[in-house]
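*Asks:* There's a structure below that I have some questions on.
The values are calculated or read from the model by the stated rules, or taken from the named source; none is laboratory data. Quick caveat, the model's predicted, so the values are computed rather than measured. Cβ placement follows ideal geometry from the backbone for every residue including glycine, while neighbour counts extend to all protein chains displayed.
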Amino acid sequence: MLAKVKISGGGRCNVTNGCNSISELVKAYPRGGRCLKKAFHIFSKKDTISWFESRGVKLVTQSYGCVFPQSQNSQTIIDCLTSQAKVIITGKPVNSITIENDKLEIGISNSDESYTFNNVIATTGGSPKRAGLHWLEGLGHKISDPVPSLFSFNIPNQHVTQLMGIVVDNVILGIQGTKIKSEGVLLITHWGMSGPAILMLSSFAARKVSEMSYNFNLQVNWISQPNNELVATELFEQSKSNPKKQLANARLYNLPERLWEYLLAKAELPLNKKWEELGKRAINKLVETLTNDIYQVKGKAIHKEEFVTCGGVSLESVDLNTMQSKVCKNFHFAGEVLDVDAITGGLNLQAAWTTGYIAGQLG
């Protein structure tokens, strides 16, 4: 119960995001953001903070707008939520749902036990496989095939992994052959690449890279400058202002030293080469390496903090004013069981709180 809440934010629980603009907030949802715009006006990030703090949970906003409990412990959030529930039943997996006379009968697996309710809210979370959603599909709901979202990239057998641990504060990433891009912090790991920029790219490209079987070329702009002509001009100016300086001793764009040396080697430029010795061809090669460095991704790596699923119950099957099913009266949805997901930073939990609040009003 509340397993994802427990491991969210590395065990601290990133409750919500500090973004105050709903128009900006919805941009962080590759799927469902526009549809939830009205919902966020009903129950916003401010309402989430107020809800928890009115129940004794002090929250703090930290780096990148992430909001955590002051205790820095997800158990604080779990205890608050469970204390609000009148009855909690666990360890009883649902086997079937039968609807009769506007009543919903929930059958329990491997037993004759069942429960009958006037209203039901499905908050079962994302399913990694479509089979996990068959019980909802059988009721007539449209299902969007689930695929992973928020994962890092495996880049095997490439020298860049020798730079593991290096963080680059601002990069532009893209998937070759598409228009999908992301910006932000990148982390080089022993298996490939991760960090907020990679996770964001994986989120917006979740379906596309699934279609590619997770084999594609990643484009890395290490200096976050899309204008190649401007970069070339800056490098030519460097060669004029520091002609006698060796390339290794003239690190540019605040790149980490080991990364700068690696990129020079990739551009086939010796570290002891002087700037005055660079011709137009060499500078153009360095520009290309800095702004359009290519890496072959072969597979994804999902870790405990990267557990979001793209897909679920299509929003076409849900009345977003009440979160009630359009095909089953008195049956509602909330959270990741819906085809709604976002990038990291407390945004997926905010969607859960918002849809849960609306569903809880039961139309």
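*Asks:* Residues in the range 176-194 that are surrounded by fewer than 20 Cβ atoms within 10 Å (Cβ to Cβ), in contact (Cβ under 8 Å) with a residue 12 or more places away in the chain and either of a type outside the set (Val, Ile, Thr) or closer than 26 Å to Leu259 by Cα (or both): how many? Even if it seems obvious, please write down each step before you answer.
*Replies:* Just the residues of the range 176-194 that are surrounded by fewer than 20 Cβ atoms within 10 Å (Cβ to Cβ), to begin with: 176-181, 183, 185, 187, 190-191.
Narrowing the set further to residues that are in contact (Cβ under 8 Å) with a residue 12 or more places away in the chain leaves 176-178, 180-181, 183, 185, 187, 190-191.
From what is left, the residues that are either of a type outside the set (Val, Ile, Thr) or closer than 26 Å to Leu259 by Cα (or both) are 176-177, 180-181, 183, 185, 187, 190-191.
Looking only at that region, the number is 9.
*Asks:* Inside the range 1-35, can you point out the residues that are assigned to a loop (DSSP other than H, G, I, E, B), touching a residue at least 24 places away in the same chain (Cβ under 8 Å) and of a type in the set (Gly, Ala, Ser)? I'd like the intermediate steps shown before the answer.
*Replies:* Step one: of the range 1-35, the residues assigned to a loop (DSSP other than H, G, I, E, B) are 1-2, 12-15, 18-21, 29-30, 32-35.
If we keep only those that are touching a residue at least 24 places away in the same chain (Cβ under 8 Å) as well, we get 1-2, 12-15, 18-20, 29-30, 32-33, 35.
Within the range 1-35, Gly18, Gly32, Gly33 qualify.
*Asks:* I've got another one for you. Restricting the range 140-199 to residues that are among the hydroxyl-bearing types (Ser, Thr, Tyr) and part of a loop (DSSP other than H, G, I, E, B), which is modelled with the lowest pLDDT?
*Replies:* The extreme case among them is Ser149.
*Asks:* Criterion first (in a helix (DSSP H, G or I) and either of a type in the set (A, V, I, L, M, F, W, C) or in the same structural domain as Gly184 (by TED's automatic domain parsing) (or both)) does Phe68 satisfy it? Spell out the reasoning first.
*Replies:* Numbers: in a helix (DSSP H, G or I): no; either of a type in the set (A, V, I, L, M, F, W, C) or in the same structural domain as Gly184 (by TED's automatic domain parsing) (or both): yes.
Here the answer is no, as Phe68 does not meet what is asked.
*Asks:* Of all residues in the range 254-272, how many are surrounded by fewer than 15 Cβ atoms within 10 Å (Cβ to Cβ) and not in a helix (DSSP H, G or I)?
*Replies:* Number of matching residues: 5.
*Asks:* In addition: Those residues that are under 15 Å from Ala39 (Cα atoms), touching a His at 6+ places or on another chain (Cβ under 7 Å) and not hydrophobic (A, V, I, L, M, F, W, C), I need them from the range 323-343; list them, please.
*Replies:* Across the range 323-343, the qualifying residue is only Gln324.
*Asks:* Of all residues in the range 95-116 being within 22 Å of Ile358 (Cβ to Cβ) and touching a residue at least 24 places away in the same chain (Cβ under 8 Å), which is surrounded by the fewest Cβ atoms within 10 Å (Cβ to Cβ)?
*Replies:* Quick first cut of the range 95-116, residues within 22 Å of Ile358 (Cβ to Cβ) only: 97, 99, 102, 104, 106.
This time we only want the ones that are touching a residue at least 24 places away in the same chain (Cβ under 8 Å), so: 97, 99, 102, 104.
Details: Ile97: 19, Ile99: 15, Asp102: 10, Leu104: 18.
Ranking the qualifying residues of the range 95-116, first place goes to Asp102.
*Asks:* Which of the residues belonging to the range 73-92 are in contact with a strand residue (DSSP E or B) (Cβ under 7 Å, 6 or more places away or on another chain) and closer than 19 Å to Thr116 by Cβ?
*Replies:* Selection gives Lys92 alone.
*Asks:* Additional query: How many residues are touching a residue at least 12 places away in the same chain (Cβ under 8 Å) and over 13 Å from the mean Cα position of the chain (by Cα) when one looks only at the range 320-349? Lay out the reasoning, then the answer.
*Replies:* Keep residues of the range 320-349 that are touching a residue at least 12 places away in the same chain (Cβ under 8 Å), which gives 320-325, 327-349.
From what is left, the residues that are over 13 Å from the mean Cα position of the chain (by Cα) are 320-325, 327-335, 337-339.
The qualifying residues number 18.
*Asks:* A further question follows. What number goes with the only condition from (1) under 27 Å from Gly346 (Cα atoms); (2) not assigned by TED's automatic domain parsing to the domain that holds Gly335 that Ser111 does not pass?
*Replies:* Every listed condition holds for Ser111 apart from (1).
*Asks:* Just to check your reading of the model, which residue among Ile283, Ile198, Ile223 is touching a Phe, Trp or Tyr at 6+ places or on another chain (Cβ under 8 Å), surrounded by 15 or more Cβ atoms within 10 Å (Cβ to Cβ) and farther than 28 Å from Ile343 by Cα? Walk me through it before giving the result.
*Replies:* Working: Ile198 fails: farther than 28 Å from Ile343 by Cα; Ile223 fails: farther than 28 Å from Ile343 by Cα.
None of the others qualify; the one that does is Ile283.
Conditions tested, residue by residue: (1) crowded, with 17+ Cβ neighbours inside 10 Å; (2) in contact with a helix residue (DSSP H, G or I) (Cβ under 7 Å, 6 or more places away or on another chain).
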residue: Val26; (1), (2): yes, yes
residue: Phe52; (1), (2): yes, yes
residue: Lys58; (1), (2): no, no
residue: Gly65; (1), (2): no, no
residue: Pro69; (1), (2): yes, yes
residue: Thr76; (1), (2): yes, no
residue: Ser83; (1), (2): no, no
residue: Ile89; (1), (2): no, no
